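To start, the structure itself, in structure tokens.
The values are calculated or read from the model by the stated rules, or taken from the named source; none is laboratory data. In this text, all values refer to a predicted model and were calculated from it rather than measured experimentally. In this analysis, Cβ positions are derived from the backbone assuming ideal geometry, glycine residues included, and neighbour counts consider all displayed protein chains.
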Amino acid sequence: MTTSLAPFPVEKIRKEFPILTQKMNDQAFVYLDNAATSQKPLAVIERLSKFYRNENANIHRGVYTFSQNSTRECEEAREKIQHFLNAKESAEIIFVRGATEAINLVAATFGRKFLKKDDEILISEIEHHANIVPWQQLAEEKGLKLRVIPVKDNGELDLEAYEKMLGPRTYLVAITQVSNSLGTINPVREMIKAAHHAGAVVLVDGAQAVPHMKVDVQDLDCDFYVFSGHKVYGPTGVGVLYGKRKHLEAMPPYQTGGDMIESVTFEKTTFAKIPAKFEAGTPAFAEIIGLGTAIDYLKSLGLDEINRYEHELLEYATEKLSKIPGLTIIGTAPDKASLISFELEGIHPHDVGTVLDQYGIAVRAGHHCAQPTMKRFGVPATTRASFAFYNTKAEIDVLVKGIEKVIQVFK
Ligand code: PLP
């Protein structure tokens, strides 16, 4: 770690997150469930409040000023996300409800239209259910083959096996950039290159990546990229599908109805151009605007600075947790985002989470919507502590003390 860099201003940042001053069970609230959802800065809370108090009007349909302002703000949010992901153009940014809906959209439109019997879809052994089930359903419907890239014992994908699996039948590779259950950062850029070499199209699930690192979809050269607003310090109910123009134009619409049409008669409907073609009905316009504010906020902190600080937290937590007798970290890949999944010998993760709650510590206990990953590592569930840039080393110390208390309770 270089020492010439200015320290990350975490104390100042914490003041911008009102929930962090709350108590939980009469203890200081230690929020370590950031992979499930992130807390919201004042900038986002106030933007939503101001919008609902003073500006609320539906987009697209109004000729009056407030409606036009909402429309403009949503389009500005789209441009902010375009720049955030470095997409070529804002029309490649589609607003959806979240990562789950984005993947379902691609499966139901691109998947249904282009994949044919015996074509293969490659996913990995460390996917969230959101990047498994839509492909499995599609495979059942169309007689496709769903193949699984294996993971090594440390949580890294077996890239040699992956390269061997790629072939003329591979139509689509759908992989996560960061595993939500192990923290592994997959080398998606190289994986995309290999997939393209084999003629396959690639969807990247970025739900756990965008909160932690700079993403450049042109540099990655992915065909689709998805993420959720609520995990990136924005509101719930809004997410993003990025798709290359050529794919989005070739795909049929997902949902149909208002706002996605060019013209409607009882005989025939013609569809709007992208992105409107994929945005049927009233979108979560207030939340879209709030997501734009969240992106501004993240940029103001700097993704590189966030990444550096969170890595420090990860290293600190890994060192401290590794010293606890009976604790095993699941997922020890050399390249990890700031989350730690662990097992405590003889104690069920739900019991770990419940006792930690008594000490004000919020962690997640369960299968993390990644049951196949749990099965691979031979555990029914894990306890997961996931860190954001507003967490501190002092909070990690509280977690360590909390775990020691858990061990005492169940001794
Ligand atoms: N993909 C990954 C890697 C996730 O961690 C999650 C949520 O935890 C999702 C997809 C689904 O996100 P959402 O529930 O916001 O649609």
Inset, instruction - Mind telling me which of the residues LYS411, LYS405, LYS299, LYS375 ends up being charged (D, E, K, R), touching a helix residue (DSSP H, G or I) at 6+ places or on another chain (Cβ under 8 Å) and over 23 Å from ILE19 (Cβ atoms)? - result: LYS405
Legend entry - Set GLN82, GLN22, GLN68: member being more than 16 Å from the ligand (Cβ to nearest atom), touching a strand residue (DSSP E or B) at 6+ places or on another chain (Cβ under 7 Å) and free of Cβ contacts under 8 Å to residues at least 60 places away in the same chain: GLN82
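Sort out which residues of the stretch 86-114 are more than 16 Å from the ligand (Cβ to nearest atom) and either within 28 Å of HIS368 (Cβ to Cβ) or outside any loop (DSSP other than H, G, I, E, B) (or both), and write them in order of number.
First pass over the stretch 86-114, keeping only residues more than 16 Å from the ligand (Cβ to nearest atom): 86-93, 109-114.
The answer is SER90, ALA91, GLU92, ILE93, THR109, PHE110, GLY111, ARG112, LYS113, PHE114.
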Inset, instruction - Just need a number here: residues in the stretch 176-207 that are under 12 Å from the mean Cα position of the chain (by Cα), under 20 Å from LEU248 (Cβ atoms) and part of a strand (DSSP E or B). - result: 2
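With respect to SER67, determine if the residue is closer than 16 Å to ALA294 by Cα and either in contact with a Lys or Arg (Cβ under 8 Å, 6 or more places away or on another chain) or surrounded by fewer than 19 Cβ atoms within 10 Å (Cβ to Cβ) (or both).
Values: closer than 16 Å to ALA294 by Cα: no; either in contact with a Lys or Arg (Cβ under 8 Å, 6 or more places away or on another chain) or surrounded by fewer than 19 Cβ atoms within 10 Å (Cβ to Cβ) (or both): yes.
Considered against the rule, which asks whether it is closer than 16 Å to ALA294 by Cα and either in contact with a Lys or Arg (Cβ under 8 Å, 6 or more places away or on another chain) or surrounded by fewer than 19 Cβ atoms within 10 Å (Cβ to Cβ) (or both), SER67 comes out as no.
Determine if the stretch 103-115 includes at least one residue that is charged (D, E, K, R) and surrounded by 18 or more Cβ atoms within 10 Å (Cβ to Cβ).
Taking the stretch 103-115 as the starting set, the residues that turn out to be charged (D, E, K, R) are 112-113.
Narrowing the set further to residues that are surrounded by 18 or more Cβ atoms within 10 Å (Cβ to Cβ) leaves none.
So far as the stretch 103-115 goes, no, none of its residues is charged (D, E, K, R) and surrounded by 18 or more Cβ atoms within 10 Å (Cβ to Cβ).
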Legend entry - the stretch 227-241 residues that are within 16 Å of ILE103 (Cα to Cα) and of a type in the set (A, V, I, L, M, F, W, C), paired with ones that are assigned to a loop (DSSP other than H, G, I, E, B) and within 10 Å of the ligand (Cβ to nearest atom) (beta carbon under 6 Å, 6 or more apart): PHE227/GLY206; PHE227/ALA207
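Among the residues of the stretch 39-65, how many are in a helix (DSSP H, G or I) and in contact (Cβ under 8 Å) with a residue 60 or more places away in the chain?
Taking the stretch 39-65 first, the residues in a helix (DSSP H, G or I) are 42-55, 65.
Checking which are in contact (Cβ under 8 Å) with a residue 60 or more places away in the chain leaves us with 43-44, 47-48, 51-52.
Qualifying residue count, the stretch 39-65: 6.
Yes or no, residue by residue, for (1) closer than 26 Å to PRO334 by Cβ; (2) of a type in the set (Phe, Trp, Tyr); (3) more than 16 Å from the ligand (Cβ to nearest atom):
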{"position": "ASN131", "(1), (2), (3)": "yes, no, no"}
{"position": "ALA139", "(1), (2), (3)": "no, no, yes"}
{"position": "LYS145", "(1), (2), (3)": "no, no, yes"}
{"position": "ASP158", "(1), (2), (3)": "yes, no, yes"}
{"position": "PRO168", "(1), (2), (3)": "no, no, yes"}
{"position": "VAL173", "(1), (2), (3)": "yes, no, no"}
Inset, instruction - Hey, can you tell me all the residues within the stretch 21-35 that are hydrophobic (A, V, I, L, M, F, W, C) and buried (at least 18 other Cβ atoms within 10 Å of the Cβ)? - result: VAL30, LEU32, ALA35
Legend entry - Filtered residue count, the stretch 227-244, keeping only those that are buried (at least 24 other Cβ atoms within 10 Å of the Cβ), assigned to a loop (DSSP other than H, G, I, E, B) and either of a type in the set (Phe, Trp, Tyr) or over 13 Å from the mean Cα position of the chain (by Cα) (or both): 1
Inset, instruction - Would you confirm whether any residue within the stretch 319-341 is surrounded by fewer than 16 Cβ atoms within 10 Å (Cβ to Cβ) and either within 17 Å of GLU156 (Cβ to Cβ) or at pLDDT below 95 (or both)? - result: yes
